[in-house]
Amino acid sequence: MIPSSSTSAGASHGAGAPAPTALVKDGAFVGQLMASLSIPVFVLDTQARVMIWNHACEQLTGVPAQEVIGTSEHWRSFYEHRRPTLADLVLQNRSEDVRRILPRSASDISPTSLCIESWFDMPRAGRRRYLAADASPIFGADGEIAAVVETLRDLTDEKMAQVALEQLATRDGLTGLANRRCFDDTLHAEWSRALRQQQPLSLLMVDVDNFKAYNDANGHLGGDECLKRIARAVSSEMRANDLVARYGGEEFAVILPNQSLKGAAIVAERIRCRVEQLQLPSTAPTRHVTVSIGAATAIAGPENTASQLVATADAALYRAKHMGRNRISLPLSEAA
Ligand SMILES: Nc1nc2c(ncn2[C@@H]2O[C@H](COP(=O)(O)OP(=O)(O)OP(=O)(O)O)[C@@H](O)[C@H]2O)c(=O)[nH]1
């Protein structure tokens, strides 16, 4: 039968609807039913050829029905590179493969049908879209699959709104970096991971030198612009798994998972040089805006905590300031 799902209410086999076998036998009736649906739908036959590509599907994909009907080229409407659609996976009894093929999608796999939410390339529509797709078999009177129907829902606007909300909750409004809350969550998650894997976790605390004087000379807006430039400079030195956050005011924090103190010191020195090279004019003796950086590393264990790592990096930062600024400092026991 055509499955009842959240997206195919109009196609479900409800009271008064023709019996499933009649639907399969009466192709013309099925075609009319699908064509009239406002939900994008396409149907594959047992040879994976498109039998039905309704008007709503044409509108969503930008691909006219006459171009795909009778072919197996429907994947081109969704992906840049050849890939089975959900309907193909159901037809080939390969539902489990969806997790490998679309690893970042939210998927729901039942013995016969498949349901995912994911970004799709949509080459002909001209822009990526976030779709909810359901694929289910239609069984013939002999109990064998006679066709597979895939319904689609465009959730792009909802997804964008969700992403924007998440951004608001985790990003700093001025610099676009992770905010303090995101830093705290990430540090605790990385600490747990370091504990499990017995890997080192490093932290840098980066503070702009003499920033009060910079603000006094350039105004608060000038100070804001300076913080944005520094944020970009620090971010440009990061690897994919590192996190740079605005810790507060003119202070930034950098989490370096799986990084030894020696490696952290190298990253810190790169950041220090990078900021110096921005050559933002300052009244400080250096004549340019600089940063001081405190570094710390821990192997997570039951006797220490993530807060201690922050405190150790903070103490190192304090020493860097005390020693004259525009420098990096390591924990005392390591520096000796
Ligand atoms: N423009 C701007 N200024 C900020 C922001 N957040 C904090 N500040 C300013 O940063 C300055 C920090 O000053 P202090 O804590 O005295 O430190 P400092 O002058 O940088 O001196 P050292 O850290 O000891 O080198 C203060 O004047 C804050 O008002 C911000 O978002 N924008």
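Whole Å is fine, so just give me how far the alpha carbon centre of the range 210-241 lies from that of the range 272-306.
When both Cα centres are located, 12 Å separates them.
Charges only on Cβ, +1 for Lys and Arg, -1 for Asp and Glu: so what's the dipole of the range 171-335 about the Cα centre, in debye to the nearest 20? Can you show the working numbers first?
Numbers: 20 positive and 18 negative charges, 60 e Å.
Charge dipole of the range 171-335: 280 debye, to the nearest 20.
Taking 8 Å as the Cα distance limit and 6 or more residues as the minimum spacing, I'd like the relative contact order of the range 76-214 as a percentage. List each step's numbers first, then the result.
On the way: 168 pairs, mean separation 21.1, N = 139.
Rounded, it is 15 percent for the range 76-214.
For Ser38, what is the net charge nearby, where nearby means another residue's Cβ is under 15 Å from its Cβ and Lys, Arg count +1, Asp, Glu -1?
It works out to a net charge of -1.
Does anyone have the angle between helix 306-322 and the longest principal axis of the chain? Alpha-carbon axes, 0 to 90°, nearest 10?
Tilt relative to the chain: about 40 degrees.
Kindly express, to the nearest 10 degrees and within the range 0 to 90, the angle between helix 261-277's C-alpha long axis and the longest C-alpha principal axis of the chain.
That helix lies at roughly 80 degrees to the long axis.
Contact order normalised by length for the chain, with contacts defined as Cα pairs under 8 Å and 6 or more residues apart; what percent is it? Walk me through the numbers before you get to the answer.
Working: 624 pairs, mean separation 42.2, N = 336.
Answer for the chain is 13 percent.
Could you give me the ³J(HN,Hα) list for the range 74-84, computed from phi with Karplus coefficients 6.51, -1.76, 1.60 and θ = phi - 60°, whole Hz, x at Gly and Pro?
These are the phi-based 3J(HN,Hα) values: 4, 4, 5, 6, 10, 10, 6, 10, 4, 7, x Hz.
Could you state the angle between the C-alpha long axis of helix 180-197 and the longest principal axis of the C-alpha atoms of the chain, as a value from 0 to 90 degrees rounded to the nearest 10?
Taking the Cα atoms of the chain, the angle to 180-197 is about 80 degrees.
For a footprinting-style exposure proxy, rank Phe42, Phe211 by other Cβ within 10 Å, fewest first. Could the numbers behind the result be given before it?
Numbers: Phe42 29, Phe211 20.
So the ranking, lowest neighbour count to highest, is Phe211, Phe42.
Nearest 500 deg cm²/dmol is fine: what mean residue ellipticity at 222 nm does the chain get from its DSSP H runs of n ≥ 4 alone, each adding -39,500 (n - 2.57), divided by its residue count?
Values: 12 runs with 133 residues, N = 336.
Value at 222 nm, helices only: -12000 deg cm²/dmol.
So, R0 is 45 Å and r is the distance between the beta-carbons of Gln279 and Glu117; what FRET efficiency does that work out to, to 0.05? It would help to have the intermediate numbers written out before the result.
Values: r = 47 Å, r/R0 = 1.05.
The computed FRET efficiency comes out at 0.45.
If a paramagnetic tag sat 7 Å from the Cα of Asp224 along the Cα-Cβ line, which residues of the range 240-277 would have the backbone N under 19 Å from that point?
Inside the label zone: 246-252.
Could you name the aspartates and glutamates in cross-link range of Lys321, using Cα to Cα under 16 Å and dropping any fewer than eight places away on the same chain?
Reachable aspartates and glutamates: Asp207, Asp209, Glu250, Glu251, Glu269, Glu276.
Which is farthest toward the positive dipole end of the chain among Phe252, Gln32, Val275, measuring Cα position about the Cα centre, with Cβ charges +1 (Lys, Arg) and -1 (Asp, Glu)?
Checking the options against the dipole of the chain, the answer is Val275.
Based only on other Cβ atoms within 10 Å, what is the fewest-to-most ordering of Arg129, Arg246, Arg196, Arg171? Walk me through the numbers on the way to the answer.
Working: Arg129 20, Arg246 25, Arg196 9, Arg171 17.
Final ranking by Cβ density, sparse to dense: Arg196, Arg171, Arg129, Arg246.
Nearest 0.05, what FRET efficiency do Ser110 and Asp142 give at R0 = 30 Å with Cβ-Cβ as r? Don't skip to the end; give the middle numbers.
Numbers: r = 22 Å, r/R0 = 0.72.
Plugging the Cβ-Cβ distance into 1/(1 + (r/R0)^6) gives 0.90.
Rank-order 57-68, 284-295 by packing density, defined as the average count of other C-beta atoms within 10 Å over each peptide's residues, highest first. Could the numbers behind the result be given before it?
On the way: 57-68: 17.9, 284-295: 21.0.
Highest to lowest by the protection proxy: 284-295, 57-68.
Taking the number of other C-beta atoms within 10 Å as the exposure measure, put Trp191, Trp75, Trp119 in order starting with the fewest.
Details: Trp191 20, Trp75 17, Trp119 14.
Ranked by crowding around the Cβ, least crowded first: Trp119, Trp75, Trp191.
Among Gln199, Ala141, Ala315, flag the residue with its Cα farthest along the positive direction of the charge dipole of the chain, charges on Cβ as +1 for Lys/Arg and -1 for Asp/Glu.
Ala315
Applying 1/(1 + (r/R0)^6) with R0 = 41 Å to the Cβ-Cβ distance of Gln199 and Ala164, what FRET efficiency is obtained, to the nearest 0.05?
Numbers: r = 34 Å, r/R0 = 0.83.
Once the sixth-power term is evaluated, E becomes 0.75.
For His322 and Ser235 in one chain, what is 0.36 nm times their gap in residues minus the Cα-Cα distance, to one decimal in nm?
28.7 nm
Rule-based calculations on the coordinates, nothing more; no lab input. From a predicted model like this one, the values you see are computed outputs, not experimental measurements. Using ideal geometry, Cβ is built from the backbone for each residue, glycine included, and neighbour counts are taken over all protein chains shown.
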